[in-house]
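Down below is the structure, laid out as structure tokens.
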Amino acid sequence: MIFPMDFAVYGILSICEITYFTQAMSVIPSPPVRFPGPIASPLQSWQSAGFPGFGSLFGILALITIVTILPTFLRPRNITAAPGCPSAEYYLYSTACGRFCYRYESSACQSWSSARATCRAEGGDLLVPSECYYQFFKDNAQQNEGSCNNFWLGGSTTTPGLNYVSVRGDPIPGTFPFWNPGQPSGTGGLDSCVEMSKTHSHYLMNDGVCSVNKGSICQIFV
């Protein structure tokens, strides 16, 4: 992907090259151009009037072209969204379990219910924990850290510590291999929502207090 800064550098280099070319052309003597008949008279009049030669004139025209076109390249460009995804914030991911768009939200920290409402408003839901692709999201979480490093996932329970169910209605068993050791714990009867929590540089699953503001991962099946 090329960013506006790249165009700026490219434009500056182009102007420098044109300036150098113009100066080089101005010191190369141009052979006199002679045309038979009446054409010779207007051309000779142009040169005798002191107007620039063809080398300098070409440089000036090229410079005007660059100055005119460069602002077009420097305008911000819309990044095209992945096919089937609602916006450029989403990435497309395909697995044996299905094809879906996803995005990490690590700057706007929200409670579990608010994070879910945001995902649903965009046409999806919080990421469903699945053995098919959890490793991928676990491995990529660190690259998507922001002001809120832990991420809400699409799982909850009405009995803290027991019977966790995904937002799609599938059970999330306690034997799921990506739970943190000792999880789910249902600590204090308040840990009812599933999160991806950073522990010793690894992102594993915990059950957490649903009202605490965290990041989230949205998922839209396409």
- Whole-Hz ³J(HN,Hα) from phi, Karplus 6.51 cos²θ - 1.76 cosθ + 1.60, for segment 178-188, glycine and proline x: 9, 5, 4, x, x, 10, x, 10, x, 3, x
- Query: Simple spin-label model, 7 Å along Cα-to-Cβ: Thr118 to Gln142 in nm?
  - Reply: 2.4 nm
- Rank the residues Phe136, Phe176 as a footprinting-exposure proxy: fewest other Cβ atoms within 10 Å of their Cβ go first. Phe136, Phe176
- Placed amide H near Asn150: partners under 5 Å, 5+ positions off or other chain: Gly215
- Residues Asp191, Asp170, sorted so that the one with the fewest Cβ neighbours within 10 Å comes first: Asp170, Asp191
- Message: What is the sum of charges, Lys and Arg at +1 and Asp and Glu at -1, for the other residues whose Cβ falls under 10 Å from the Cβ of Gly215?
- Response: -2
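Bear in mind that the values in this text are calculations on the coordinates, not laboratory data. Everything numeric here is computed off the predicted structure, so don't read it as measured data. All Cβ positions, glycine included, derive from the backbone under ideal geometry; neighbour counts span all protein chains shown.
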